[in-house]
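Values quoted throughout were computed directly from the atomic coordinates according to the rules given, and no laboratory measurement underlies them. This is a predicted model, so every value here is computed, not measured. No Cβ is skipped: glycine too gets one built from the backbone with ideal geometry, and neighbour counts run over all protein chains shown.
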Amino acid sequence: MVAFVSQTAPDFTATAVMPDGSIDENFNLSESTKDQYKVLFFYPLDFTFVCPSELVALDKRMDAFKEKNTQVIALSIDSEHTHCAWRRTPLNEGGIGPVKYTMVSDKKHEICRAYGIEHPQKGVALRGAFVMDKEMTIRSAIINDLPIGRNIDEILRVIDAIQFHEAHGQVCPAGWQTGQSGMVADHSGVKKFLSQNEEAL
């Protein structure tokens, strides 16, 4: 199975390092994130180069994710022991420190394959960020090649847009940010939005 936007996300049970540093050998995605939005944040490997910059940026925004009732789960093909070692390594030595989100071990590559993002030659996960709603429906997928780091603020913006649409029924036009107007999804709504916002696009 490959994960597609608008479809139900593949569930999984795997070993994970929890935010308090403990190890859960039976972390289940759907059970552990019940009634929450979720972000699956795949990355290639621990102790590499672009990866720590992304994971530190993710950790610095955990308060914002929590405010949006969103749980973050990072995943790579490393073991739980390597995850723990990377968490114990300070930032000035290339580590990520005691990050405040769950880190899943995908040693058998089953999860990255289920989500369709295993690199065909290098056998690691591409930089995939999957945003899901409370019902495990994938609402957004941001997938970058290995050299290209992701923008964590864009992931937060996507969550805001999902929650705005759920609350108001309107759709979110290009560049939409919290506090801005949405668009009614019909021809009148398009004409009204463009007439009022053309210069800002």
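A few remarks follow.
- Of Lys100/Lys134; Lys68/Lys134; Lys60/Lys100; Lys100/Lys122; Lys38/Lys68; Lys34/Lys60, those spanning more than 19 Å from alpha-carbon to alpha-carbon: Lys100/Lys134; Lys100/Lys122; Lys34/Lys60
- Fully extending the segment from Asn92 to Ala57, taken as 0.36 nm per residue of separation minus the present Cα-Cα distance, adds 11.1 nm.
- Among Ser76, Ser105, sorting on how many other beta-carbon atoms sit within 10 Å of each Cβ, with the fewest leading, yields Ser105, Ser76.
- Sum of -39500 (n - 2.57) over DSSP H runs of 4+, divided by residues of the chain (222 nm, nearest 500): -9000 deg cm²/dmol
- Using distinct alpha-carbon pairs, which all enter the 1/r mean, Kirkwood radius of region 83-171 in Å: 15.4
- Sorted fewest first by neighbouring Cβ atoms within 10 angstrom, Tyr115, Tyr37 come out as Tyr37, Tyr115.
- Take every pair of alpha-carbon atoms less than 8 Å apart whose residues are at least six positions apart; their mean separation over the length of region 13-150 yields a relative contact order of 30 percent.
- Helix screen, the chain: DSSP H segments with Cα axial length of 20 Å or more and mean Kyte-Doolittle hydropathy at least 0.0 are 152-168.
- Length gained on full extension, Lys34 to Gln170: 46.4 nm, using 0.36 nm per residue less the C-alpha separation.
- Nitroxide proxy distance, nm - points 7 Å out along Cα→Cβ at Met18 and Lys122: 3.3
- Anchor Lys191: aspartates and glutamates whose Cα lies under 16 Å away (excluding residues fewer than 8 positions away in-chain): Glu199
- DSSP-assigned coil residues among GluC sites (Glu not before Pro) in region 129-201, each with at most 15 further Cβ atoms within 10 Å: Glu135
- Look at Phe130, Phe164, Phe47 and count the other Cβ atoms within 10 Å of each Cβ; fewest to most, that gives Phe47, Phe164, Phe130.
- Dividing the radius of gyration of the alpha carbons in region 13-150 by their Kirkwood radius gives 0.92 for Rg/Rh.
- Cleavage-rule hits (trypsin sites (Lys or Arg not before Pro)) in region 113-183: DSSP loop, at most 16 neighbouring Cβ within 10 angstrom: Lys122, Lys134
- Reducing region 95-136 and region 168-193 to their Cα centroids gives an inter-centroid distance of 32 Å.
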